[in-house]
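Participant: Can you keep this structure in mind? I'll have questions shortly.
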Amino acid sequence: MITVTNVGLQYGDRKLFEEVNIKFTPGNCYGLIGANGAGKSTFLKILSGEIEPQQGDVSLKPGQRLAVLKQNHFEYEEYEVLSTVIMGHARLYEVMKEKDAIYMKEEFTDEDGLKAAELEGEFAELNGWEAESEAAILLKGLGITEELHSKKMSELSGSEKVKVLLAQALFGEPDVLLLDEPTNHLDLKAIQWLEEFLINFENTVIVVSHDRHFLNKVCTHIADLDFSKIQIYVGNYDFWYESSQLASRMAADANKKKEEKIKELQSFIARFSANASKSKQATSRKKLLDKIELDDIRPSSRKYPYVHFTPEREIGNDLLRVENISKTIDGVKVLNKVSFVMNKDDKIALLGENEIAKTTLFKILAGEIEPDEGSYKWGITTSQAYFPKDNSAFFEGSDLNLVDWLRQYSPQDDSDTFLRGFLGRMLFSGDEVKKKASVLSGGEKVRCMLSKMMLSGANVLLLDEPTNHLDLESITAVNNGLINFKGSLIFSSHDHQFNETVANRIIEITEEGIIDSEQSYNEYLEAK
């Protein structure tokens, strides 16, 4: 258990936390959520002791161990992979090194023998005899094959290093586990393995993630960082989101009878009570949910951009025909005779392990590059809008402010009032619209690109990883906007919930060609 008492932190005039009082208890997984810049990662650093709070303190039960997912992927370059994992349990690793140093001595004294015996006892207590096998199991689960275990970290790829550092954090059953964006750079199999590991983990987990499906799968509670406070809610992310939306509707509709809202809350709780992440905790969580009162739910202060794509013209039946498209990039054939026909109302999720292959197909369909072989043809009733994964060319070196930047792409109304209003709905308010386009953050650039697409009135959308750089609120807004879109689209995303709720057809690019399946994302994964 980890206890937070009256913790406060302020940078200049900006107050991140004030009088935060929480107990994070064993057997629970807490999803720490909050708007970008609210201080989620900073709070994890306070919990780990990396940052000292200005007020209050954080305490861990005596003898308990806390583990943190390291963010510096180059910290262990000279160490072997297996050793790097075991270093997650600092005392165990220290004992192992001390033992080895004693046994390597040429002259072994009685004093050395006594020290070695003492270390051997501690080694056994720390489950040292199982350390290498446990580390190997964690690595294998995350997709690090056995031949890599004896290699140095410097020999691994970036994504492999991420997996090793994750195994390091999980190693040795820590009493408290702090994970900041653990699914970043993980493939689907590794994410699924991590989900199962955390679902069965019996100690305390606190996790920050932009992956809503991941939060829904593993979290028993949500720790909502808002109003400089942290409020704990029983349930997963969807439960928190729906209850905060319900609270907002209640606040905006104060004249409605309270009894009606109580019935709505009871119905809502009944639906989510059956959605426990951990079956062994389902009963206790249901009891907690059943105790929720109407006044326990408060509206969130966080803002959601208004994402709504409106086609200017209705789309016909003839959308897109792709025939035997092949393309080689840097000597590697990334597309091999790709053929498919896009139908009206198709919302296609483009899958595949080769990221370059997916981006190349998007670029070809958007007319940015030509295929080496094959052809494609858009229907005459279609108009396309393209969201590239790399949008830097639209912003680099631009001296335009956001109003003038967006004016370039506004076919209907280029008045300042219209453009300011549009940007305001995309969360650029007040003087923010005077920012130069060249200084925007990654998330701000994405919101600008989405604004550009919405103004186009296109009836077919091409979106290559539109959720990159976005916070949970913006991801949810884009997700809902695409669910409600009346046209057709092709998109790629690593967001499980995004794929499942938007797509009605899956196309996976493989080395041999494509797998084309008219089913949902979850159905496709189950079939595989």
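The values are calculated or read from the model by the stated rules, or taken from the named source; none is laboratory data. Not measured: the values here are computed from a predicted model. Ideal geometry is used to build each Cβ from the backbone, glycine not excepted, and the neighbour counts take in all protein chains shown. Note: areas computed on protein heavy atoms with side chains; ligands, DNA, RNA excluded. Shrake-Rupley method; radii C 1.70, N 1.55, O 1.52, S 1.80 Å.
Participant: Might you check whether a residue that is polar (S, T, N, Q), at pLDDT below 95, open to solvent by less than 10 Å² (accessible area, probe 1.4 Å) and over 16 Å from the mean Cα position of the chain (by Cα) occurs anywhere in the range 200-220?
Facilitator: There is at least one residue in the range 200-220 that is polar (S, T, N, Q), at pLDDT below 95, open to solvent by less than 10 Å² (accessible area, probe 1.4 Å) and over 16 Å from the mean Cα position of the chain (by Cα).
Participant: If only one of 522, 504 is among the polar types (S, T, N, Q) and farther than 23 Å from residue 321 by Cα, which one is it?
Facilitator: Going through 522, 504 in turn, the sole match is 522.
Participant: Continuing with this model, one more query. Among what's in the range 116-149 and is farther than 12 Å from residue 85 by Cβ and of a type in the set (Gly, Ala, Ser), pick the residue that is nearest to the chain's Cα centre (by Cα).
Facilitator: Once the filter is applied, the top-ranked residue is 143.
Participant: Of all residues being surrounded by fewer than 18 Cβ atoms within 10 Å (Cβ to Cβ) and in contact with a strand residue (DSSP E or B) (Cβ under 7 Å, 6 or more places away or on another chain) in the range 336-346, which is nearest to residue 487 (Cα to Cα)? Just the residue, please.
Facilitator: Looking at residues that are surrounded by fewer than 18 Cβ atoms within 10 Å (Cβ to Cβ) and in contact with a strand residue (DSSP E or B) (Cβ under 7 Å, 6 or more places away or on another chain), I get 345.
Participant: Keeping to the range 105-132, report how many residues are within 30 Å of residue 173 (Cβ to Cβ) and either assigned to a helix (DSSP H, G or I) or among the small types (Gly, Ala, Ser) (or both).
Facilitator: Summing the residues that are within 30 Å of residue 173 (Cβ to Cβ) and either assigned to a helix (DSSP H, G or I) or among the small types (Gly, Ala, Ser) (or both) in the range 105-132 gives 17.
Participant: Taking the options 56, 63, 88, name whichever one is touching a strand residue (DSSP E or B) at 6+ places or on another chain (Cβ under 7 Å), closer than 19 Å to residue 170 by Cα and not basic (Lys, Arg).
Facilitator: None of the others qualify; the one that does is 88.
Participant: On to the next question. Kindly indicate which of 111, 50 is touching a helix residue (DSSP H, G or I) at 6+ places or on another chain (Cβ under 9 Å), over 30 Å from residue 150 (Cβ atoms), open to solvent by 30 Å² or more (accessible area, probe 1.4 Å) and without any contact (Cβ under 8 Å) to a residue 40 or more places away in the chain.
Facilitator: Every option except 50 fails the conditions.
Participant: Specify the residue that is farthest from residue 195 (Cα to Cα); the eligible residues are those in the range 22-40 that are open to solvent by 50 Å² or more (accessible area, probe 1.4 Å) and in contact (Cβ under 8 Å) with a residue 24 or more places away in the chain.
Facilitator: Among those that are open to solvent by 50 Å² or more (accessible area, probe 1.4 Å) and in contact (Cβ under 8 Å) with a residue 24 or more places away in the chain, it is 36.
Participant: Kindly indicate the residue of the range 129-187 that is at positive phi and small (Gly, Ala, Ser) and also surrounded by the most Cβ atoms within 10 Å (Cβ to Cβ) among those meeting that condition.
Facilitator: In this case the residue turns out to be 172.
Participant: Follow-up question, since we're still on this one. Pick from the range 420-462 the residues that are more than 17 Å from residue 410 (Cα to Cα) and free of Cβ contacts under 8 Å to residues at least 24 places away in the same chain: which of them is least open to solvent (accessible area, probe 1.4 Å)?
Facilitator: This residue is 444.
Participant: Another question, if that's okay. In this structure, does residue 522 turn out to be in contact (Cβ under 8 Å) with a residue 60 or more places away in the chain, surrounded by fewer than 22 Cβ atoms within 10 Å (Cβ to Cβ) and not basic (Lys, Arg)?
Facilitator: Against the criterion (in contact (Cβ under 8 Å) with a residue 60 or more places away in the chain, surrounded by fewer than 22 Cβ atoms within 10 Å (Cβ to Cβ) and not basic (Lys, Arg)), residue 522 does not qualify.
Participant: Just give me the residues in the range 342-367 being in a helix (DSSP H, G or I) and either aromatic (Phe, Trp, Tyr) or under 17 Å from residue 332 (Cβ atoms) (or both), in sequence order.
Facilitator: 355, 356, 357, 358, 359, 360, 361, 362, 363, 364
Participant: Would you pick out the residues in the range 368-389 that are in contact (Cβ under 8 Å) with a residue 24 or more places away in the chain, assigned to a loop (DSSP other than H, G, I, E, B) and open to solvent by 60 Å² or more (accessible area, probe 1.4 Å)?
Facilitator: Answer for the range 368-389, where residues must be in contact (Cβ under 8 Å) with a residue 24 or more places away in the chain, assigned to a loop (DSSP other than H, G, I, E, B) and open to solvent by 60 Å² or more (accessible area, probe 1.4 Å): 372, 380, 389.
Participant: Now for a different question. Restricting to the range 37-68, name every residue that is out of contact with any Lys or Arg (no Cβ under 6 Å at 6 or more places or on another chain), hydrophobic (A, V, I, L, M, F, W, C) and closer than 24 Å to residue 231 by Cβ.
Facilitator: The answer is 38, 43, 44, 46, 47, 58, 60, 66, 68.
Participant: Only residues in the range 495-509 that are in the same structural domain as residue 338 (by the TED database) and within 11 Å of residue 519 (Cα to Cα) count as the first member; pair them with residues that are among the basic types (Lys, Arg) and open to solvent by 10 Å² or more (accessible area, probe 1.4 Å), Cβ under 9 angstrom, at least 6 apart or cross-chain, and list the lot.
Facilitator: Correct list of pairs: 503/347; 504/347; 505/347.
Participant: Just one of 515, 507 is under 23 Å from residue 315 (Cβ atoms) and outside any helix (DSSP H, G or I); which is it?
Facilitator: Sole residue among the options that is under 23 Å from residue 315 (Cβ atoms) and outside any helix (DSSP H, G or I): 507.
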